[in-house]
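The values are calculated or read from the model by the stated rules, or taken from the named source; none is laboratory data. As the structure is a prediction and not an experimental result, all values here were calculated from the model. All Cβ positions, even for glycine, are placed from backbone atoms using ideal geometry, and neighbour counts span all protein chains on display. Surface areas here come from the heavy atoms of the whole protein model, side chains and all, with no ligands, DNA or RNA. Shrake-Rupley method; radii C 1.70, N 1.55, O 1.52, S 1.80 Å.
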Amino acid sequence: TQSTWGGKRQSHFMMAGVPKPKELADVICGHHKNVRIAYEKMIADGENDHDLAWRKALGLYSSDLPKYAEAMKRLGAVHWENITETHNSRLQWCICACRDFFFGSGLAEVLVKEERRDYFKQHGAMMPATVRQARVEQTRREVLPEGRLRVLDVGSCYDPFDPYRGELFDVDAVDLQPAVSTVHRCDFVSVPVSGSPSSGLALAPEGDVTSIATQSYDVVIFSLLLSYLPAFSHRWTCCIKARRLLRGHGLLLIVTPKSTSPSNHKVIMGWKTALEAIGFSRWRYDKLKSFHCMAFRLHPAAAHERLPDWDTQVRLMRLLVIPNDERHRNELYAAEEEEGDSGSRVEVNSEDALQAMSELPAFDFDC
């Protein structure tokens, strides 16, 4: 499904004296790389608890998180979303996908497509075009949302969907290190899913998320989230949680950096295979200038179906790889050979950061 993207523009984040994109990229890529290599070193040294290794790796660089969040806020709000090419905006893509699916004919066409299959089985012929169109219009009226969409934006940082609160979305925004007050602190990898459906976030007195209620959301957004996580097991955990948090016919929106790796197509197909094995089906896939954007619909029956056995899950989660996995694993081995088992901090020079970050933002660096 193709569409024209547009909408409100971000202007309230513009600030004086904003660092150049390359300087912000250095901060972001340096933190990503440090956490990833620290995690992988712990696993290589024999740590079998991947969740514990993740928390330890974050802890090693927790003092970097405020600076990281501020860099992400400035890079995202000032540079990524204040561009003239709205068709290259990850924010506008997410908004368009939600509008088309829930308020346009997207969901209705999906449901009528299933009816057409049943019609062919019963009649041995295709459903007439006039009947199909009439069913799409009727179904669209039946499934049209009565109010705003409930959205969970994971890894939100600076709450980019805030301008759409009250108009299109009711947004719960969460992040490891919030950059603005409307985002709640949450380690999505570790936070439990529980409670009664539709109750959303449970918050501690200081505002941190203590749990998230099952089947509370129409949309879950992973924008540049999965590529931040150093292990495919954690990416799998996030997708399983999205499955539990979404209502029937809900959308999981995934935005991930476009890579120049020759295995890029295989990576995207692997993600599709893994997610479709747990009750999702890919509804839309677009390639922007710097991003892969995917929308997966959750089948209503998935909420009542058991997950595959553990051996099958392990096989599936191994499909949630990213090109950086192998690259950083090789860097870890090279660092150990050059420096010994010192566990010292890995420094990222400007060229490394610029090369890595050039896969992310939808603009050209002014270096």
Which of the following residues is surrounded by 18 or more Cβ atoms within 10 Å (Cβ to Cβ), of a type outside the set (S, T, Y), in a loop (DSSP other than H, G, I, E, B) and out of contact with any Ser or Thr (no Cβ under 6 Å at 6 or more places or on another chain): I221, I278?
I278
Mind telling me which of the residues A38, A44, A16, A57 ends up being modelled with pLDDT of 85 or more, out of contact with any strand residue (DSSP E or B) (no Cβ under 9 Å at 6 or more places or on another chain), open to solvent by 40 Å² or more (accessible area, probe 1.4 Å) and not charged (D, E, K, R)?
A44
Residue tally, condition closer than 19 Å to L226 by Cα and loosely packed, with under 15 Cβ neighbours inside 10 Å, over region 183-198:
2
Criterion (in contact with a Phe, Trp or Tyr (Cβ under 9 Å, 6 or more places away or on another chain) and either under 30 Å from R55 (Cβ atoms) or hydroxyl-bearing (S, T, Y) (or both)) met by exactly one of L107, L152, L201:
L152
Listed residues L253, L225, L229, L245; which is at pLDDT 95 or above, touching a helix residue (DSSP H, G or I) at 6+ places or on another chain (Cβ under 8 Å) and not aromatic (F, W, Y)?
L253
Residue pairs qualifying under the 6 Å Cβ cut-off, at least six apart or on distinct chains, with the first in region 174-203 being among the basic types (K, R) and the second being open to solvent by 40 Å² or more (accessible area, probe 1.4 Å), are R185/D208
Restricting region 281-303 to residues that are open to solvent by 60 Å² or more (accessible area, probe 1.4 Å) and charged (D, E, K, R), the one farthest from V314 (Cα to Cα) turns out to be K289
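Okay, residues lined up against (1) among the small types (G, A, S); (2) at negative phi:
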| position | (1), (2) |
| --- | --- |
| I212 | no, yes |
| Q215 | no, no |
| V220 | no, yes |
| S223 | yes, yes |
| H265 | no, yes |
| A277 | yes, yes |
| F280 | no, yes |
Residue by residue through region 237-267, note down the ones that are open to solvent by less than 10 Å² (accessible area, probe 1.4 Å), under 18 Å from L319 (Cβ atoms) and assigned to a helix (DSSP H, G or I).
C238, C239, A242
Are there any pairs, at least 6 apart or on different chains, whose C-beta atoms fall under 7 Å, with the first in region 105-118 and under 11 Å from W283 (Cβ atoms) and the second open to solvent by 80 Å² or more (accessible area, probe 1.4 Å) and of a type in the set (V, I, T), and if so, which?
G106/T1
Scan of region 135-182 for residues that are buried (at least 18 other Cβ atoms within 10 Å of the Cβ) and assigned to a strand (DSSP E or B), ordered by number:
L149, R150, V151, L152, D153, V154, F169, V171, D172, A173, V174, D175
Considering only residues that are within 17 Å of C98 (Cβ to Cβ) and out of contact with any Cys (no Cβ under 7 Å at 6 or more places or on another chain), which ones fall in region 133-153?
R140, V143, L144, P145, E146, G147, R148, R150, V151, L152, D153
Cβ contacts < 7 Å: first residue on the phi > 0 side of the Ramachandran plot, restricted to region 241-259; second residue at pLDDT 95 or above, any location; separation 6+ or different chain. Result?
H249/R297; H249/L298
Looking at (1) outside any loop (DSSP other than H, G, I, E, B); (2) within 17 Å of G155 (Cβ to Cβ); (3) open to solvent by 10 Å² or more (accessible area, probe 1.4 Å), can you tell me which one S227 breaks?
(1)
Is it fair to say F120 is assigned to a helix (DSSP H, G or I), at pLDDT 90 or above and over 30 Å from P66 (Cβ atoms)?
no
